[in-house]
Amino acid sequence: MAADSDFTIFSHYGARCGDVHSQTFLLFKRGLAIIVGHPFMKFAGWLMVLSGCAQMLHAQLFADISTNNGTFTVRLNHTQTPQTVANFVSLAEGKRSFVDSRDGSVRKGPFYNGIKVHRTENSPGFKILQAGSIKGDGSDGPGFEIRDEIVSGLTHQPYVISMAHSGPNTNGSQFFVTGNTAIASLDGLHTVFGDIPDSGSRAVVDAIISAGANNTTIQSVIIRPVGSAAVSFNPLAQGLPEVLPCKGNLVVAANGAITWNVSQPSGGLPASCIYSLHGSQNLQNWSYYGRLYRSQDSTSPVTSINLGNATLPKLFFQMSQVNYFPAYSPTELNNRVCLIALSTGLLEFQINSAGNGGISYFTENTTGAVTGTTFQLLPNFSRINPYSFTFAVSAIPSGVFGTSVPYQVKCGCDSATPTQVDGHYQSFYFHPVLGWLQDELGAMAIAR
C-alpha cells in the first residue's frame, strides 16, 4: 500500500504509546477491555534488543541491493522482525507468488528487479528513499498485507530500512530507507527491520536520495546469510499470506449474469481469504473490478462470485485468491462497539445495524465526565482487511478537543478472543485548512 500520507510532517502530534510505559491502564466498557502500558514492557523490550544484538554477532542476514546508482547492503533483523524479513526476502528471491497490480495476474519471480525508487525526500531532518511499487506511483503492493512488528529499541535512526504502509498492519512490498538523519516521528508507526551498517553503502543511499525520484532502478536484490542460524532461517515458515490463482469455472448467461463458481480446496478452508478481480476488454488495458473478503467469522465457503452482466462483446478476467493464517478482523462494522484509548480518555464508537452511523461517547480520564454525539460514517473511508480496518466519522464528542470534528481511525488487529479483537490504532482529525492531521497512537478493541 502507499505510505505517502504517512510521511507528511504534521504540525501536531498527539501522545504516543511510548508515553505510557510507566503506567498500567485497564480500560473496560461494554464488555471490551484495553490494557495500555506496563513497566515490564519497557524492560522486556530492552531484553529483546540485547538478545537480538548477541545473536547477530553469530548469525547475520544481508541483502545486497544493486541499482544503477550503486549497490548498498542492508543487514536484516530476522531475529526480532522475522515475518517482515521473511516477506522481504521471499519477494526479493521470487520464492512466493504475488498479484501483479497492473493486470491482476498471479506471478512468481524476483519482485524488486526493475522497480524504481519512486519517491525521495531530501529536506533537513527528513531524508528517505522509497521503493517497492510495481506501478511506480506508490499506490500498490504485492496483493496481500502483513502485520506490523513494532519492536522497542528499533527506531528510525539514520540509515535504517523500514516498511511503508497506509495504516497499521497494512504492510506489503514497499519499503523506505532513512538518510543521514533520524526521523523520530515515524517511531511506533512503521516496522524497522534492518540497517545499513557500512559507510560505502550509506554513501550510495545518500546518492540515491540526491538523485531524486524515478532516477534510480533496482537491478537485483541478493540475499546473503552468514552463520548457520541465518542459513537456517526459512522465510516460507513464518506464517505469511499465500497467493494463488482462484480455481473454478466461468458461467456466462446470454445477456445475463457472469458467475465464477469457486472450486473448494481439498485441504479445507483457510482461516480467511480475499478474492480479487481484474477485468479487460482487450487483454491490454486492465482495471481493478473489486474484491470479496471472507473473514475468520465466516463458517460457510464462498461457492460463487458474481462478476456482473454479459453486456459487452468481449470481457476477460484475472481472479486471485489470498489465504491468511490466521486473520483477526471482523467481517463488517455493523453492530460493532469499538473502543479507542486516547491519552485523555476513552473514545467509544457504537456503530448501528446499518453500518452507516451511530453514537460515540468520550469518557475523560481525570474527571470521568462523559460527552456524546451521533455520527455518520463518511463514505469511501471504510475498509476491512484480514489484519486491519479503517473508518471515519462525521463528528466525535466535543469533550475530546473542545469542539466536534470529523475523525478517522485506522486499526490494526493483532489478536482475537471469542468476544473481541484487540490491536493498535492510528487516528487523525480533520482541520478545515490543513486537512487530515495525525492525532494519536494507542490501543484499541472491537467486539466480534
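The values are calculated or read from the model by the stated rules, or taken from the named source; none is laboratory data. Just so we're clear, the structure is a prediction, and the values are computed from it rather than from any experiment. Positions of Cβ are backbone-derived with ideal geometry, glycine not excepted, and every protein chain shown enters the neighbour counts.
Please indicate, with yes or no, whether at least one residue in the stretch 147-165 is polar (S, T, N, Q) and closer than 30 Å to GLN318 by Cα. Break it down stepwise before answering.
Applying the first criterion (polar (S, T, N, Q)) to the stretch 147-165 yields 152, 155, 157, 162.
The next check asks that each one be closer than 30 Å to GLN318 by Cα; those that pass are none.
For the stretch 147-165, residues polar (S, T, N, Q) and closer than 30 Å to GLN318 by Cα: absent.
When you go through (1) buried (at least 21 other Cβ atoms within 10 Å of the Cβ); (2) aliphatic (A, V, I, L, M); (3) in contact (Cβ under 8 Å) with a residue 40 or more places away in the chain; (4) out of contact with any helix residue (DSSP H, G or I) (no Cβ under 9 Å at 6 or more places or on another chain) one by one for VAL106, which number turns out not to apply?
Tallying (1) buried (at least 21 other Cβ atoms within 10 Å of the Cβ); (2) aliphatic (A, V, I, L, M); (3) in contact (Cβ under 8 Å) with a residue 40 or more places away in the chain; (4) out of contact with any helix residue (DSSP H, G or I) (no Cβ under 9 Å at 6 or more places or on another chain), VAL106 fails exactly one: (1).
Each row is one residue, and each column tells you yes or no for (1) among the aromatic types (Phe, Trp, Tyr); (2) more than 22 Å from LEU244 (Cα to Cα); (3) in contact with a Ser or Thr (Cβ under 9 Å, 6 or more places away or on another chain).
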{"site": "GLY104", "(1), (2), (3)": "no, no, yes"}
{"site": "ARG107", "(1), (2), (3)": "no, no, yes"}
{"site": "ASN113", "(1), (2), (3)": "no, no, yes"}
{"site": "GLU121", "(1), (2), (3)": "no, yes, no"}
{"site": "PRO124", "(1), (2), (3)": "no, yes, yes"}
{"site": "SER133", "(1), (2), (3)": "no, no, yes"}
{"site": "GLY138", "(1), (2), (3)": "no, yes, no"}
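Please indicate, with yes or no, whether at least one residue in the stretch 188-197 is surrounded by fewer than 16 Cβ atoms within 10 Å (Cβ to Cβ) and either within 19 Å of the chain's Cα centre (by Cα) or not assigned by TED's automatic domain parsing to the domain that holds SER415 (or both).
Quick first cut of the stretch 188-197, residues surrounded by fewer than 16 Cβ atoms within 10 Å (Cβ to Cβ) only: 197.
After this cut, where a residue has to be either within 19 Å of the chain's Cα centre (by Cα) or not assigned by TED's automatic domain parsing to the domain that holds SER415 (or both) as well, the list is 197.
Taking every residue of the stretch 188-197 in turn, at least one turns out to be surrounded by fewer than 16 Cβ atoms within 10 Å (Cβ to Cβ) and either within 19 Å of the chain's Cα centre (by Cα) or not assigned by TED's automatic domain parsing to the domain that holds SER415 (or both).
Considering only the stretch 406-435, state which residues are in a strand (DSSP E or B) and of a type in the set (A, V, I, L, M). Give the derivation first.
Applying the first criterion (in a strand (DSSP E or B)) to the stretch 406-435 yields 407-416, 420-431, 435.
Answer for the stretch 406-435, where residues must be in a strand (DSSP E or B) and of a type in the set (A, V, I, L, M): VAL409, ALA416, VAL421.
Taking the stretch 379-396 as the region of interest, how many residues are surrounded by fewer than 20 Cβ atoms within 10 Å (Cβ to Cβ) and modelled with pLDDT under 95? Steps first, please.
Let us first name the residues in the stretch 379-396 that are surrounded by fewer than 20 Cβ atoms within 10 Å (Cβ to Cβ), namely 379-384, 394-395.
Within this subset, residues satisfying the condition of being modelled with pLDDT under 95 are 379-384.
Qualifying residue count for the region: 6.
Test ARG147 against the criterion of being modelled with pLDDT of 95 or more, within 27 Å of TYR425 (Cβ to Cβ), charged (D, E, K, R) and crowded, with 20+ Cβ neighbours inside 10 Å, and give yes or no. Explain how you work it out, then say what you get.
Details: modelled with pLDDT of 95 or more: yes; within 27 Å of TYR425 (Cβ to Cβ): yes; charged (D, E, K, R): yes; crowded, with 20+ Cβ neighbours inside 10 Å: yes.
Yes, satisfied.
Considering SER220, SER300, SER272, which residue is outside the structural domain of ASN69 (by TED's automatic domain parsing) and either touching a strand residue (DSSP E or B) at 6+ places or on another chain (Cβ under 7 Å) or surrounded by 19 or more Cβ atoms within 10 Å (Cβ to Cβ) (or both)?
Numbers: SER220 fails: outside the structural domain of ASN69 (by TED's automatic domain parsing); SER300 fails: either touching a strand residue (DSSP E or B) at 6+ places or on another chain (Cβ under 7 Å) or surrounded by 19 or more Cβ atoms within 10 Å (Cβ to Cβ) (or both).
Result of the check over SER220, SER300, SER272: SER272.
Would you pick out the residues in the stretch 364-405 that are assigned to a strand (DSSP E or B), under 26 Å from the mean Cα position of the chain (by Cα) and among the aromatic types (Phe, Trp, Tyr)?
PHE389, PHE391, listed by residue number.
Looking at ARG75, ARG96, ARG119, which one is under 19 Å from the mean Cα position of the chain (by Cα), part of a strand (DSSP E or B) and not aliphatic (A, V, I, L, M)? Give the derivation first.
Details: ARG75 fails: under 19 Å from the mean Cα position of the chain (by Cα); ARG96 fails: part of a strand (DSSP E or B).
Only one candidate qualifies: ARG119.
If only one of GLY412, GLY399, GLY435 is assigned by TED's automatic domain parsing to the domain that holds LEU346, of a type in the set (Gly, Ala, Ser) and buried (at least 22 other Cβ atoms within 10 Å of the Cβ), which one is it?
GLY412
Only one residue in GLY109, GLY141 is assigned by TED's automatic domain parsing to the domain that holds THR191 and within 22 Å of SER388 (Cβ to Cβ). Which one? Steps first, answer last, please.
On the way: GLY109 fails: within 22 Å of SER388 (Cβ to Cβ).
Checking each option against the conditions leaves just GLY141.
Being in contact (Cβ under 8 Å) with a residue 24 or more places away in the chain and over 22 Å from GLN238 (Cα atoms) narrows it down to one residue among LEU186, LEU154; which is it?
Details: LEU154 fails: over 22 Å from GLN238 (Cα atoms).
Result of the check over LEU186, LEU154: LEU186.
Tell me which residues, restricted to the stretch 112-137, are small (Gly, Ala, Ser) and either under 24 Å from PRO82 (Cα atoms) or in contact with a Lys or Arg (Cβ under 6 Å, 6 or more places away or on another chain) (or both). First the steps, then the outcome.
As a first pass, look at the stretch 112-137 and keep what is small (Gly, Ala, Ser): 114, 123, 125, 131-133, 136.
Scanning the stretch 112-137 gives ALA131, GLY132, SER133, GLY136.
Go through the stretch 346-363 and give me each residue that's part of a loop (DSSP other than H, G, I, E, B) and hydrophobic (A, V, I, L, M, F, W, C). Break it down into steps so the answer makes sense when it comes.
Let us first name the residues in the stretch 346-363 that are part of a loop (DSSP other than H, G, I, E, B), namely 352-356.
Correct list: ALA354 only.
For the stretch 76-97: of the residues being crowded, with 20+ Cβ neighbours inside 10 Å and touching a Pro at 6+ places or on another chain (Cβ under 7 Å), which is farthest from PHE325 (Cα to Cα)? Explain how you work it out, then say what you get.
Looking only at the stretch 76-97, we keep the residues that are crowded, with 20+ Cβ neighbours inside 10 Å, and these are 76-81, 84-92, 96-97.
From what's left, touching a Pro at 6+ places or on another chain (Cβ under 7 Å): 86, 89-92.
On the way: ALA86: 15, VAL89: 19, SER90: 17, LEU91: 18, ALA92: 22 Å.
Across the stretch 76-97, the extreme among qualifying residues is ALA92.
Hey, GLY267 hits all of (1) part of a strand (DSSP E or B); (2) surrounded by fewer than 16 Cβ atoms within 10 Å (Cβ to Cβ); (3) modelled with pLDDT under 90 but one; which does it fall short on?
(1)
Restricting attention to the stretch 223-264, which residues are among the polar types (S, T, N, Q), modelled with pLDDT under 85 and over 30 Å from the mean Cα position of the chain (by Cα)?
Once the filter is applied, which keeps residues that are among the polar types (S, T, N, Q), modelled with pLDDT under 85 and over 30 Å from the mean Cα position of the chain (by Cα), the stretch 223-264 yields only ASN255.
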